Amino acid sequence: MIVLDKVTKVYKVGETEVHALKGVSLKVRPGDFVFIVGPSGSGKTTLLEIMGGLMTPTSGRVLIDGKDISKFNDWQLSLFRRNRIGFVFQNFNLIPSLTALENVLVPMIPEGITKSLEKRARELLKEMGLGHRLHHTPGQLSGGEKQRVAIARALINEPLIVLADEPTGELDTATGAMIMDYMRKLNKENNLSFVIVTHDVEYIRKSDKLYRIKDGLLHHVRRVG
Ligand SMILES: Nc1ncnc2c1ncn2[C@@H]1O[C@H](COP(=O)(O)OP(=O)(O)OP(=O)(O)O)[C@@H](O)[C@H]1O
Ligand SMILES: [Mg+2]
């Protein structure tokens with residue numbers, strides 16, 4: 001379980017301060033399927049990056065299974081990110097000189113790339129509908145294809161929780177629905193938790209947990225019907 005406890009984030013730009021998160025608390029339990037919606041600049045990416053241990057909060061705590069990750073040393077933090085978290089970046093963060101297949105394998109380099117890992121990477125890319133694009137570099141891929149490579153990369157380490165920043169933003173409706181169905185299948189079959197930032201509200205189901213973030217504050221949305 002990941003818990004955010006009164007997390008704030010202040011960015012300093014010269015003399016000005018941007019209060020991106022103003023005290024956000026959130027619990028994500030195993031098997032949760034969580035959506036976060038909210039306008040541009042409301043703090044969604046900041047929230048995900050803090051949850052995934054990619055950024056430290058200005059105040060407040062991030063707890064993973066009861067442990068405060070601010071107490072982790074660099075090695076523990078990188079193990080946490082590598083073994084527990086799958087992160088789909090809003091801007092994909094693919095390495096331009098590597099092929100799709102190599103990009104998916106990048107997070108596993110510290111562990112060593114085995115034949116079975118490579119097989120898994122190929123299978124993930126096939127699941128994403130990219131079986132015919134394994135050896136293309138990001139420059140040779142469309143936006144939606146890059147996005148799917150980024151999703152495959154987030155899954156390569158068999159994480160416990162996937163944090164996805166607009167994972168369907170670049171996809172057409174049919175491909176977006178296919179990817180979302182695949183994520184739901186992983187959620188059901190493996191109890192994998194998802195926190196998904198999205199503008200595509202048509203993917204949200206009644207059984208999901210839905211939060212809205214506005215001006216750095218998170219609100220649980222209870223929907224009727
Ligand atoms: N590195 C940074 N330095 C300074 N300000 C930042 C930085 N990153 C984000 N901000 C500011 O913090 C606020 C929240 O940014 P964030 O990227 O979390 O928003 P977002 O909800 O993900 O927006 P979008 O939907 O456009 O991706 C914004 O006002 C943004 O300008
Ligand atoms: Mg963002």
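The values are calculated or read from the model by the stated rules, or taken from the named source; none is laboratory data. This is a predicted model, so every value here is computed, not measured. Because the Cβ atoms are built from the backbone with ideal geometry, glycine has one as well, and the counts that use them run over all protein chains shown. Just so you know, the surface numbers come from the protein's heavy atoms only, side chains and all, with ligands and any DNA or RNA stripped out. Shrake-Rupley method; radii C 1.70, N 1.55, O 1.52, S 1.80 Å.
At a glance:
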item	result
GNM result for the chain, Cα springs below 10 Å: residue of Ser42, Ser70, Ser116 fluctuating most strongly	Ser116
Convex hull volume per residue in cubic angstrom - Cα atoms of region 67-225	143 Å³
Region 5-48: projected area of the alpha-carbon convex hull, averaged over directions, in nm²	3.6 nm²
Whether region 103-197 is rounded, prolate or oblate, judged on the alpha carbon gyration tensor where a/c under 1.5 counts as rounded	oblate
In nm, spacing of pseudo-spin labels at Ile95 and Glu15 (7 Å Cα→C-beta vector)	4.3 nm
The chain: antiparallel DSSP beta bridges as a percent of all, rounded to 5	55 percent
Region 81-137-region 168-190 distance, computed between alpha-carbon centres (Å)	17 Å
Choice from Ile113, Ile50, Ile179 with maximal GNM fluctuation in the chain (Cα, 10 Å cutoff)	Ile113
Estimated inter-spin distance, Lys6 and Lys214, nm [label 7 Å along Cα→Cβ]	2.4 nm
Spacing of the two label points (7 Å from each Cα toward its C-beta) at Asn73 and Val221, in nm	4.4 nm
Amide H contacts under 5 Å for Leu21, placed H, 5+ residues apart	Lys9
Spatially proximal lysines relative to Lys185 (Cα-Cα < 28 Å; intrachain offsets below 8 disregarded)	Lys27, Lys44, Lys115, Lys119, Lys126, Lys146, Lys206, Lys209
Where only C-alpha atoms are counted, convex hull volume of region 1-119 per residue in Å³	155 Å³
Most fluctuating residue given options Thr45, Thr16, Thr56, as computed from a GNM of the chain linking Cα atoms under 10 Å	Thr16
Carbon and sulfur %, accessible surface of region 139-225 computed with the full protein complex present, 1.4 Å	48 percent
